[in-house]
Amino acid sequence: MVADLGYTFSSMYIGGGTPTVLVDELTLTIDLARKLFGISEVSCETNPNHLTPGIVGELEGKVQRLSVGVQSFDDGLLEQMQRYHKYGSGGQILKRIEVAAGHFPTLNADMIFNFPSQTEAILKEDIRKIIESGVTQTTFYALMTSPSVARSMKGSIGKVDYSREAAYYRILSEGLGQDFTPVSAWCFSRSGADMIDEYIVDYEEYVGIGSGAFSYLNGALCVNTFSLREYTERISSGAMSVSQIRPFKRKEQMRYRFMMELFGLKLDKERFKESFGVSIERGLLVEMAFMRLAGAFERNDSIITLTPKGRYLLVTMMREFFSAMNNVRDQARGALSPSELKDLFPDTTL
């Protein structure tokens with residue numbers, strides 16, 4: 001249906017849950033997408049227990065960037081995140097990654113920093129193991145939650161301490177610095193590694209396909225229905241699955257461009273002016289003044305680049321942005337019927 005609308009794409013990101021749970025369906029989907037569109041690069045999420053010879057073999061050559069949800073190699077944190085029994089110990093995960101390394105142009109490990117019970121020593125050990133693992137890329141996410149999840153976490157594993165977040169970011173930036181180079185505010189690649197970023201920094205617009213996916217088109221955020229039943233009914237009847245559209249005002253579009261491009265570590269002022277008909281200094285007077293006063297800009301001529309402090313400021317902006325998006329997801333899921341919630345989350349007490 002999207003192809004019939006005339007869209008073409010050079011990049012495809014497959015995420016949400018664990019796409020590799022049905023690897024045959026996944027490879028057929030990739031083959032179909034390559035046939036329909038001009039896709040040259042595919043990025044796909046997976047979990048450590050799927051780094052098996054069979055799955056890796058199926059994806060090799062079809063996926064250019066495989067992103068593995070590790071979060072931490074520390075067994076205590078894995079237990080708290082309820083990942084230890086699902087995906088194995090930190091040592092087992094490390095061995096699986098070492099085996100998968102070399103099979104993809106980019107092998108990324110997703111990590112978390114500033115988890116409530118994470119210490120500086122645990123973070124430094126995670127960094128050491130990332131360097132040792134052979135991954136070509138790592139993404140260290142600042143812990144992001146929706147308000148409901150934050151309340152739940154506070155009662156079980158403790159409140160998130162944002163006062164130490166900057167110090168933890170400095171530790172990981174310096175710890176990775178000799179082996180990895182920043183390619184976005186929270187993503188680091190080894191020299192020569194290809195980069196396919198899952199947080200759309202190289203593309204101004206994107207189309208989301210699938211239940212619960214987001215699109216950004218013509219200055220508007222589009223949200224697909226989270227109801228699998230409704231999604232199936234809409235697609236079967238030939239209708240698109242978008243259930244909500246949130247148009248961005250011109251200033252909001254400017255701020256979104258500002259955040260996303262600087263998150264990717266550089267902003268082209270001329271391209272900004274061509275898009276909005278005004279210089280970034282006039283269009284975003286307050287935002288630019290704040291960033292200058294904060295010492296965020298390393299270079300500020302035709303191209304803006306960031307200092308280490310500026311990169312951390314973008315981490316905080318993206319953390320808040322995606323926390324708000326998680327809240328949207330919570331609200332959408334909350335509108336689902338009890339039977340659909342049970343189908344989606346069978347292990348959850350309603």
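The values are calculated or read from the model by the stated rules, or taken from the named source; none is laboratory data. Computed from a predicted structure; not experimentally measured. Backbone-built Cβ (ideal geometry, glycine too); neighbour counts: all protein chains shown.
Brief remarks on what is shown
- Checking every residue in the stretch 246-261 against the condition of being surrounded by fewer than 14 Cβ atoms within 10 Å (Cβ to Cβ) and touching a strand residue (DSSP E or B) at 6+ places or on another chain (Cβ under 8 Å) gives at least one match.
- Test result for F272, surrounded by 13 or more Cβ atoms within 10 Å (Cβ to Cβ) and closer than 27 Å to K309 by Cβ: yes
- Taking the stretch 232-257 as the range and being out of contact with any Phe, Trp or Tyr (no Cβ under 8 Å at 6 or more places or on another chain) and under 19 Å from N300 (Cα atoms) as the test, only R255 passes.
- Pair list, Cβ under 6 Å, 6 or more apart: the stretch 102-123 residue hydroxyl-bearing (S, T, Y), other residue in a strand (DSSP E or B) and buried (at least 16 other Cβ atoms within 10 Å of the Cβ): T106/R65; T106/Q137
- Residue in the stretch 306-332 that is nearest to D268 (Cα to Cα), counting only those that are among the β-branched types (V, I, T) and surrounded by 16 or more Cβ atoms within 10 Å (Cβ to Cβ): V315
- Of all residues in the stretch 264-283 being touching a residue at least 12 places away in the same chain (Cβ under 8 Å) and within 26 Å of the chain's Cα centre (by Cα), the one that is farthest from M317 (Cα to Cα): S275
- Single unsatisfied condition, L344 versus (1) surrounded by 13 or more Cβ atoms within 10 Å (Cβ to Cβ); (2) modelled with pLDDT of 70 or more: (2)
- Leading residue by the ranking (nearest to the chain's Cα centre (by Cα)) among those in the stretch 48-90 that are over 30 Å from A33 (Cβ atoms) and polar (S, T, N, Q): S72
- If you go through the stretch 190-226 and keep only what is in a strand (DSSP E or B) and either modelled with pLDDT under 90 or over 17 Å from C44 (Cα atoms) (or both), you end up with R190, S215, Y216, L217, A220, L221, C222, V223, N224.
- Pairs meeting the criteria (first residue in the stretch 221-238 and more than 30 Å from R255 (Cα to Cα), second residue modelled with pLDDT of 90 or more and assigned to a loop (DSSP other than H, G, I, E, B), beta carbons under 6 Å, at least 6 apart or on different chains) are L228/S211; Y231/S211; Y231/T225; Y231/S241; R234/S241.
- Just one of the listed residues (I245, I280) is at pLDDT 95 or above and closer than 24 Å to G219 by Cβ, and it is I280.
- When we screen P48, P19 for residues that are within 20 Å of I93 (Cα to Cα), at pLDDT below 95 and surrounded by 16 or more Cβ atoms within 10 Å (Cβ to Cβ), the only hit is P19.
- Subset tally (residues that are out of contact with any helix residue (DSSP H, G or I) (no Cβ under 7 Å at 6 or more places or on another chain) and either at pLDDT 95 or above or under 12 Å from N47 (Cα atoms) (or both)) for the stretch 87-103: 3
- Of note, E340 does not satisfy the criterion of being in contact with a strand residue (DSSP E or B) (Cβ under 8 Å, 6 or more places away or on another chain) and in contact (Cβ under 8 Å) with a residue 12 or more places away in the chain.
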